[in-house]
Amino acid sequence: MWQTHTRHPRAEGSSTGTEVRRALLPRRSGVAADGSSEPRSPAALPRRPNAPLLHRNLQRAGFQWIFRRLGATEGQLNWIADGQFSELIRELRPGVESEDARATAVFGWLAERCRLLRSAGQQTSWRELDAPRLQQLAAADLADYREVVALQDQWERSFREACESQIDQDYVDRHLEELATTRDGASLWLLSRRSDNYAAGLRLMSDAAAAGFAQAQYEFARSLIMDPDARRVVTEAPSPVTLLSDAAATVPEAKVVLAQCLFDGCDLREPDHEAALQAARDAAAAGEPDAIFFLSSRLSIGELPADEVAAWRLFKSTLAEQGCYGDEDAAFGLESRGSSAPSPVPSAAARNLASMFWQRYGTQAAARLGCD
């Protein structure tokens, strides 16, 4: 699944030397543009919030990435975060009945999440499977983790009950299909995800991208890059670079894939390492630094400073600790299964740079990802 995680601040400058250009560094308000008054002692990175706030952030982050793209309101996102599913469904249903595109899209995504929810047995089995990894945690962290997990599991049980009692998948399909006849991009995208037919689903995704729905442009581009059969099904598909460039204005994840695409020279284009690095830095500033890590192992030594890579890694782990990626394991720094050796301890310079990145980009990135 490509579920990952608005517009965002762009990182300035594109350094290809051994230093991070001064224009990339965060500045406090009132600091001269020439950087003559850079902060002497950057503020420390924030710590993980308490368990109830972390749980709420995790739920917000799990929905915000797509709720905003579907036009959901802040109040509707808060209902999800607070587990008030029945209230949200009741508010949306009149709009669905009147064929309101926004209400139908949000309702459609709720139904899609209902289809993908774990059963009670799967939920229990997952926690049991995950238990041995908790030995990585200190006693205080383990207590917080267990409190968060208890809140998470209760939230999921409530969501599952609302799905079973209030969501009719056939009803949802009918209303999405009605709106899709008007070339509504969000409805076409949702139908593409719900299709059991590979070719039909891909054509629906292509139609949604053509209608200008940014999430569909991003996912369709990924299909064209990763799946050799995709272009055989949609022979008139635009280039991945065009789709990703169009999507990037509202889907920062698209900049991650765009950076990789530009670096490798996909779509029969010549590689453009400078443009790839700029796209990667733009994505990182919005809370999506994975392209930086991709490029760090492929660029020549000196093109991407090691301290900058380490700083972005700290920036991402700080967002994860706030619950901004909707992943409780990441919030507690649990190593993923099959992960490679831990990253080296960052230098003092990398920590200072991470703090400056946080001062400049942290608030906007956290808000975009859904952290409260």
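I'm trying to understand the selection: among the residues of the range 49-70, which are part of a loop (DSSP other than H, G, I, E, B) and farther than 20 Å from Gln364 by Cβ? Within the range 49-70, just Asn50 meets the criteria.
Tell me the residue from Ala216, Ala186, Ala200 that is under 22 Å from Ala259 (Cβ atoms) and modelled with pLDDT of 95 or more, please. Before the answer, list the steps.
Numbers: Ala186 fails: under 22 Å from Ala259 (Cβ atoms); Ala200 fails: under 22 Å from Ala259 (Cβ atoms).
Checking each option against the conditions leaves just Ala216.
Assigned to a helix (DSSP H, G or I) and surrounded by 22 or more Cβ atoms within 10 Å (Cβ to Cβ), is that true of Ala209? Yes, satisfied. When every residue of the range 127-136 is checked against the conditions, none turns out to be surrounded by 14 or more Cβ atoms within 10 Å (Cβ to Cβ), closer than 25 Å to Ala211 by Cα and out of contact with any Gly (no Cβ under 9 Å at 6 or more places or on another chain). Taking the range 229-245 as the range and being in contact with a Leu (Cβ under 7 Å, 6 or more places away or on another chain), of a type outside the set (Gly, Ala, Ser) and over 20 Å from Asp282 (Cβ atoms) as the test, the residues that pass are Arg231, Val233, Val234.
Of all residues in the range 184-206, those satisfying the criterion of being buried (at least 18 other Cβ atoms within 10 Å of the Cβ) and not charged (D, E, K, R) are Gly185, Ala186, Ser187, Leu188, Trp189, Leu190, Leu191, Ser192, Leu202, Leu204, Met205, Ser206. Annotation note: Cβ proximity below 6 Å between a residue of the range 52-74 that is farther than 17 Å from Leu319 by Cα and a residue that is assigned to a helix (DSSP H, G or I) and not aromatic (Phe, Trp, Tyr) (sequence gap 6+ or interchain) occurs for Phe67/Leu77; Arg69/Gln215; Leu70/Ala105; Leu70/Val106; Leu70/Ala186; Gly71/Arg102; Ala72/Val106. For the residues Ala320, Ala283, Ala291, Ala367, the requirement of being surrounded by fewer than 19 Cβ atoms within 10 Å (Cβ to Cβ), under 14 Å from the mean Cα position of the chain (by Cα) and either on the phi < 0 side of the Ramachandran plot or in a helix (DSSP H, G or I) (or both) singles out Ala367.
Just to verify a result, which residue in the range 141-175, among those that are of a type in the set (Ser, Thr, Tyr) and in contact with a Phe, Trp or Tyr (Cβ under 9 Å, 6 or more places away or on another chain), is surrounded by the most Cβ atoms within 10 Å (Cβ to Cβ)? So that I can check it myself, show each step before the final result.
Here is the first cut: in the range 141-175, the ones of a type in the set (Ser, Thr, Tyr) are 145, 158, 165, 171.
If we keep only those that are in contact with a Phe, Trp or Tyr (Cβ under 9 Å, 6 or more places away or on another chain) too, we end up with 145, 158.
On the way: Tyr145: 19, Ser158: 14.
Residue satisfying both the conditions and the ranking: Tyr145.
Confirm whether Thr242 is at negative phi, polar (S, T, N, Q), surrounded by fewer than 19 Cβ atoms within 10 Å (Cβ to Cβ) and not in a helix (DSSP H, G or I).
Judged against the criteria, Thr242 is not a match.
When Val256, Val234, Val251, Val241 are checked against the criterion of being over 23 Å from the mean Cα position of the chain (by Cα) and of a type in the set (Val, Ile, Thr), Val234 stands alone in meeting it. Residues in the range 112-125 that are under 25 Å from the mean Cα position of the chain (by Cα) and exposed (fewer than 12 other Cβ atoms within 10 Å of the Cβ): Leu116, Ser119, Gln122.
For Arg222, the conditions (1) outside any helix (DSSP H, G or I); (2) out of contact with any Ser or Thr (no Cβ under 6 Å at 6 or more places or on another chain); (3) under 26 Å from Leu304 (Cα atoms); (4) charged (D, E, K, R) all hold with the exception of (1).
When Ser86 is tested against the conditions (1) more than 24 Å from the chain's Cα centre (by Cα); (2) at pLDDT 95 or above, the lone failure is (2). Screening Ile225 against (1) at pLDDT 95 or above; (2) farther than 30 Å from Ala331 by Cα; (3) of a type in the set (A, V, I, L, M) leaves a single unmet condition, (1).
Taking each residue of the range 100-126 that is in a loop (DSSP other than H, G, I, E, B) and looking for partners that are among the polar types (S, T, N, Q) with beta-carbon atoms closer than 9 Å, six or more apart or interchain, yields Leu117/Gln123; Arg118/Ser125.
The values are calculated or read from the model by the stated rules, or taken from the named source; none is laboratory data. Since this is a predicted model, take the numbers as computed values, not measurements. Don't worry about glycine lacking a Cβ; one is built from the backbone with ideal geometry, like all the others, and counts go over all protein chains shown.
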